[in-house]
Amino acid sequence: MHPSDIPQPILDRIVDRRGRVHAFETIESAKTALVVVDMQNAFCAAGAAGEVPLAKALSPNINRLARETRAAGGLVVWVQSAIRRIEDWPVFLGTLLKPEIAQHYVSDLTPGGEGHKLWPELVTEANDLFVAKN
């Protein structure tokens, strides 16, 4: 699981303002979606342009959440970043990175390429929604 923690003073402030920690006391499963963003080879594979070593370790939890979301009648949405040219992300690729690294991102995130594909440890189903974002 990704290491995350909400400091107690922030939780206390939320409870003070709202009366409880969670905004919703119940969740209507048929109106619920699990949205998984950028779990692609370009971010998970060793040596990929945007490799985040911790990302691939999230796969078992994502699969569990996806399975439970589907079983409860919810929708699983897979969002994949897509880049066709450096101008698609001008600030990040054109300004913040060296040209060779920027080109590595373009190569990895071109639709249809290996880097654009979802990480293979993820379990998708035909009724899931797949969205490519530029």
### Message
Output wanted: per-residue J couplings in Hz (rounded whole) for the range 22-30, from phi through Karplus 6.51 cos²θ - 1.76 cosθ + 1.60, θ = phi - 60°, x for Gly and Pro.
### Response
8, 5, 10, 7, 10, 10, 8, 4, 5
### Query
Residue by residue, what Karplus-based ³J(HN,Hα) values in Hz, rounded to whole numbers, does the range 84-93 have, using 6.51, -1.76 and 1.60 with θ = phi - 60° and x for Gly and Pro?
9, 7, 4, 5, 5, 10, x, 6, 5, 7
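On the accessible surface of the range 4-134, probed at 1.4 Å, how many percent belong to carbon and sulfur atoms? Walk me through the numbers on the way to the answer.
Values: 4870 of 8400 Å².
After summing per-atom areas, the C and S share lands at 58 percent.
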### Query
Listed highest first by mean packing, meaning other Cβ atoms within 10 Å per residue, what order do 108-120, 53-65 come in?
108-120, 53-65
### Task
Provide the per residue accessible area, probe 1.4 Å, for the chain, rounded to a whole number of square angstrom.
65
## Note on the structure
Calculating semi-axes √(5λ) of the Cα gyration tensor in Å from this structure picks out, from [x] 30, 17, 12; [y] 23, 16, 15; [z] 32, 21, 14, entry [z]
### Task
Straight distance only, please: which aspartates and glutamates reach the Cα of K31 with their own Cα at less than 19 Å, same-chain residues fewer than 8 apart left out?
E68, E125, D128
### I86-E100 pseudo-label distance in nm [points 7 Å out on the Cα-to-Cβ vector]
1.4
### Query
Between D128 and residues 5 or more places away or on another chain, which pairs have amide H atoms under 5 Å apart, with H built 1.01 Å from N, and which residues are they?
none
### Query
Mind checking which lysines have their C-alpha under 27 Å from K56, skipping anything on the same chain fewer than 8 residues away?
K98, K117, K133
### Message
Quick check on packing: order 66-74, 22-30 by the mean number of other C-beta atoms within 10 Å, highest mean leading.
### Response
66-74, 22-30
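The values are calculated or read from the model by the stated rules, or taken from the named source; none is laboratory data. Please read all numbers here as calculations on a predicted model, not as lab measurements. Virtual Cβ from ideal backbone geometry, glycine too; neighbours counted across all protein chains shown. The protein model used for the area step is the full one, side chains on, heavy atoms only, and it has no ligands, DNA or RNA in it. Shrake-Rupley method; radii C 1.70, N 1.55, O 1.52, S 1.80 Å.
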